[in-house]
1. Please state which of the following conditions Ser176 fails to meet, knowing it meets all the rest: (1) hydroxyl-bearing (Ser, Thr, Tyr); (2) in contact with a helix residue (DSSP H, G or I) (Cβ under 7 Å, 6 or more places away or on another chain); (3) at pLDDT 90 or above.
2. Taking the conditions exactly as written (within 29 Å of Val134 (Cα to Cα), open to solvent by less than 50 Å² (accessible area, probe 1.4 Å) and in contact (Cβ under 8 Å) with a residue 60 or more places away in the chain), does Gly34 satisfy them or not?
3. Across segment 37-51, what is the number of residues that are in contact with a helix residue (DSSP H, G or I) (Cβ under 6 Å, 6 or more places away or on another chain), surrounded by fewer than 18 Cβ atoms within 10 Å (Cβ to Cβ) and small (Gly, Ala, Ser)?
4. Quick one: count up the residues across segment 140-158 that are under 23 Å from the mean Cα position of the chain (by Cα) and either among the small types (Gly, Ala, Ser) or open to solvent by 40 Å² or more (accessible area, probe 1.4 Å) (or both).
5. Would you mind listing the helices (runs of 4 or more DSSP H) fully within segment 27-124 where at least 3 residues are over 19 Å from Pro15 (Cβ atoms) and either at pLDDT below 90 or of a type in the set (Asp, Glu) (or both)?
6. Got a sec? Which of Arg133, Arg161 is open to solvent by 30 Å² or more (accessible area, probe 1.4 Å), charged (D, E, K, R) and under 15 Å from Ala79 (Cα atoms)?
Amino acid sequence: MTPAATRRKRVARSPEDRRAALVRGAAKVFREKGFAAATIAELAEAGEVAKGTFYLYFDSKDQLLGAIWEEYVDGFLRATRERLEESEDWWPTLDRLLRALVEHAVENAALHRIVYGSANAKALELCRSSNRRVVDLVGDFVERGARAGVFEACDPRLVCRMLFYAADGLLDDMISRGEDIDPEAVVTAVRELTHRGLGGPPERSGATPAAP
């Protein structure tokens with residue numbers, strides 16, 4: 001059999017499939033080698049494209065890391081929308097969302113460490129932009145609840161931003177330190193702060209609401 005015959009057959013892929021493969025492959029390379037040590041050649045190989053093809057999709061590995069984070073946030077956004085649209089049983093819905101935020105962050109701790117520990121300003125700005133999408137979505141929900149008389153705050157949207165970044169900052173600090181995270185303890189702390197910040201009934205501030 002000739003060398004040409006044994007060569008791996010190229011499979012035609014759409015631009016979307018190539019980009020998705022680069023994102024998947026890069027996530028694996030970054031986890032194994034770290035952001036700084038990873039090379040464009042390695043990222044291209046992991047995505048099964050030529051090195052030159054890499055630049056058709058991303059200007060740099062920083063932009064690629066931002067795309068990985070955006071995909072991560074998009075997953076959380078989809079789950080967030082589902083939870084916020086399933087009912088307007090305000091406090092139980094918000095509490096379920098807080099739990100999902102914490103659990104999603106803990107499950108993706110490795111990605112958090114890579115993004116916040118290794119990325120440059122450009123990639124971090126992409127991450128901040130993605131986070132703001134989550135904040136805006138939750139803020140809309142909280143603002144509607146305030147108009148319905150459920151949440152009590154002088155500026156519900158501003159308080160919502162403060163609470164999100166407080167929780168995000170806490171999780172980032174715990175993850176970057178390599179701490180063993182007890183999700184239940186974090187959920188309880190974040191829920192208590194949220195209930196206090198949005199005027200939650202005192203008798204429910206430390207309790208886990210029943211599912212509707």
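The values are calculated or read from the model by the stated rules, or taken from the named source; none is laboratory data. In this text, all values refer to a predicted model and were calculated from it rather than measured experimentally. Glycine gets a Cβ as well: all are built from the backbone with ideal geometry, and neighbour counts include every protein chain shown. Areas reflect the complete protein model, heavy atoms only, side chains present, ligands, DNA and RNA absent. Shrake-Rupley method; radii C 1.70, N 1.55, O 1.52, S 1.80 Å.
1. If we test Ser176 against (1) hydroxyl-bearing (Ser, Thr, Tyr); (2) in contact with a helix residue (DSSP H, G or I) (Cβ under 7 Å, 6 or more places away or on another chain); (3) at pLDDT 90 or above, just (3) comes out false.
2. yes
3. 1
4. Final tally of qualifying residues: 4.
5. The helices (runs of 4 or more DSSP H) meeting that bar are 61-86, 90-107, 109-118.
6. Arg133
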